[in-house]
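Below is one structure, written out as structure tokens; comments come after it.
The values are calculated or read from the model by the stated rules, or taken from the named source; none is laboratory data. It should be emphasised that the depicted structure is a prediction, and the values quoted were computed from it without experimental measurement. Ideal geometry is used to build each Cβ from the backbone, glycine not excepted, and the neighbour counts take in all protein chains shown. With ligands, DNA and RNA removed, areas are computed over all heavy atoms of the protein, side chains included. Shrake-Rupley method; radii C 1.70, N 1.55, O 1.52, S 1.80 Å.
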Amino acid sequence: MSRTLAPISGTPGVSYIMPILNEAGHVADAVLSVLEQRYEGPKEVVLALGPSTDGTNEIVEELKRREQRIKAVDSPTGRTPSGLNLAIEASQYPIVVRVDAHTELEPDYTAKGVEALLRTGAADVGGLMDAKGRSPFQRAVASAYHSPLGLGGAAYHSGAPEGPAESAYLGVFRREALAAVGGYDETFWRGQDWDLCLRLREAGFAVWFDPRLRVTYWPRADWDKLVRQFYAAGIWRAELARRHRSGKSIRHFIPPLLVGGLATGAAAAIASFSGSTHNWPAWLKSAASAASLFPVLYGAGVVGASATMRGDLGPAERVRLLAVLPSIHISWGLGYLRGRLFGAAGTVDTSRRKS
């Protein structure tokens with residue numbers, strides 16, 4: 001059953017909410033992109049400050065001194081969903097826009113988002129995550145975000161026509177819809193966006209994708225943080241699948257199947273080369289030989305994808321894709337397997353900690 005939200009006249013005020021933990025290198029640009037939005041309605045920025053150790057909170061204090069529209073609330077745990085709820089509680093306007101410190105909004109993002117929200121009657125509107133990079137490694141990661149060969153082709157990564165969506169990246173929300181479903185579920189330390197969108201849809205609200213909305217996203221810039229990020233992401237995606245029947249998609253099973261295939265293939269190759277298969281039945285030897293080819297075929301696929309992936313990529317980026325693609329696939333797959341077997345069990349995304 002669909003639920004209708006009351007129309008809003010005029011140009012409604014907008015509250016931007018942003019959870020922050022150890023984002024000294026990004027927070028100023030993220031806040032600036034919000035303050036420079038070309039939107040006529042009143043605006044405020046509410047920052048939920050986690051226990052940062054890299055000088056982030058001092059940067060925020062300086063930003064507050066310069067701009068009275070910036071508020072800050074303490075977020076003792078530093079966890080994203082609790083920070084978002086604290087920021088929502090401290091905000092005041094009927095439109096709530098989620099922003100992350102690793103993102104920068106295009107100047108017309110708010111105007112387009114509010115227009116789509118009011119035109120469609122949706123509770124949540126999201127757009128494209130436009131991943132970009134400054135270093136060759138970060139640009140390689142960004143290209144993986146855009147490609148189905150990297151993150152699997154979700155609409156907000158690779159694009160899709162405007163229309164109803166399963167989930168939305170970040171989100172432009174109607175406040176009353178957030179209140180109706182109780183805000184973010186603070187037990188989902190990651191994946192809280194998907195869970196929120198599911199509960200909105202189950203409550204009869206619409207979630208909408210509009211490709212005109214574009215957000216610049218700066219992915220992790222070094223290999224260690226990339227692996228830790230995607231390992232945690234896989235664990236929490238599995239937790240979503242454990243709790244929600246609708247939390248599953250075919251593309252989510254590909255990385256764990258890949259991990260299983262690589263492990264089986266490696267074991268089969270070791271057994272074959274060591275002579276352990278000497279006394280095995282012929283059919284089992286053939287199966288082991290076939291399985292041992294899987295890692296080779298996957299490696300060839302990674303080389304082919306790195307060489308042919310679309311985008312403005314030079315040799316430096318394409319060489320790094322040889323490490324980026326398997327790092328994303330394998331770390332996410334391992335995380336998913338762990339999460340399905342044991343649950344998330346308070347898993348923290350340690351890529352957000354200060355190095």
The condition of being open to solvent by less than 60 Å² (accessible area, probe 1.4 Å) and over 27 Å from Leu322 (Cβ atoms) holds, among Trp208, Trp283, only for Trp208
What are the pairs, 6+ residues apart or on separate chains, where a residue within region 75-99 that is in contact (Cβ under 8 Å) with a residue 24 or more places away in the chain has its Cβ under 7 Å from a residue that is assigned to a loop (DSSP other than H, G, I, E, B) and among the polar types (S, T, N, Q)? Ser82/Ser75; Gly83/Ser75; Leu86/Ser75
Where Ser147 falls short, out of the listed (1) buried (at least 21 other Cβ atoms within 10 Å of the Cβ); (2) small (Gly, Ala, Ser); (3) modelled with pLDDT under 90: (1)
In region 220-249, anything open to solvent by less than 10 Å² (accessible area, probe 1.4 Å) and farther than 14 Å from Trp332 by Cβ is listed as Gly247
What pairs can you find where one residue is in region 208-234 and among the basic types (Lys, Arg), the other is part of a loop (DSSP other than H, G, I, E, B), and their Cβ atoms are less than 6 Å apart, with a gap of 6+ or different chains? Arg214/Glu106
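Just a yes or no: is a residue in region 84-96 aromatic (Phe, Trp, Tyr) and within 14 Å of Gly171 (Cβ to Cβ)?
Looking for residues that are aromatic (Phe, Trp, Tyr) and within 14 Å of Gly171 (Cβ to Cβ), one finds none in region 84-96, hence no.
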Go through region 294-328 and report how many residues are acidic (Asp, Glu) and exposed (fewer than 13 other Cβ atoms within 10 Å of the Cβ). 1
Inside region 186-301, counting only helices (runs of 4 or more DSSP H) that do not spill past its ends, which hold 2 or more residues that are within 20 Å of Tyr169 (Cβ to Cβ)? 192-202, 223-243, 250-274
Selection over region 302-341 where residues are of a type in the set (Phe, Trp, Tyr) and outside any helix (DSSP H, G or I) yields a count of 0
Let me spell it out: the conditions are (1) over 27 Å from Ser9 (Cα atoms); (2) open to solvent by 40 Å² or more (accessible area, probe 1.4 Å); (3) not in a loop (DSSP other than H, G, I, E, B), and Arg134 meets all of them except one. Which number is the exception? (3)
Any idea which of (1) in contact (Cβ under 8 Å) with a residue 24 or more places away in the chain; (2) surrounded by fewer than 15 Cβ atoms within 10 Å (Cβ to Cβ); (3) out of contact with any Ser or Thr (no Cβ under 9 Å at 6 or more places or on another chain) is the one Ala266 doesn't satisfy? (3)
Cβ-Cβ under 9 Å pairs, at least 6 apart or on other chains, region 130-148 side more than 13 Å from Arg310 (Cβ to Cβ) and free of Cβ contacts under 8 Å to residues at least 60 places away in the same chain, far side among the polar types (S, T, N, Q) and surrounded by fewer than 21 Cβ atoms within 10 Å (Cβ to Cβ): none
Please verify whether Phe173 is open to solvent by 10 Å² or more (accessible area, probe 1.4 Å), over 17 Å from the mean Cα position of the chain (by Cα) and of a type in the set (Phe, Trp, Tyr), treating the condition exactly as stated. no
Residue count, region 329-345 (criterion: on the phi < 0 side of the Ramachandran plot and open to solvent by less than 40 Å² (accessible area, probe 1.4 Å)): 8
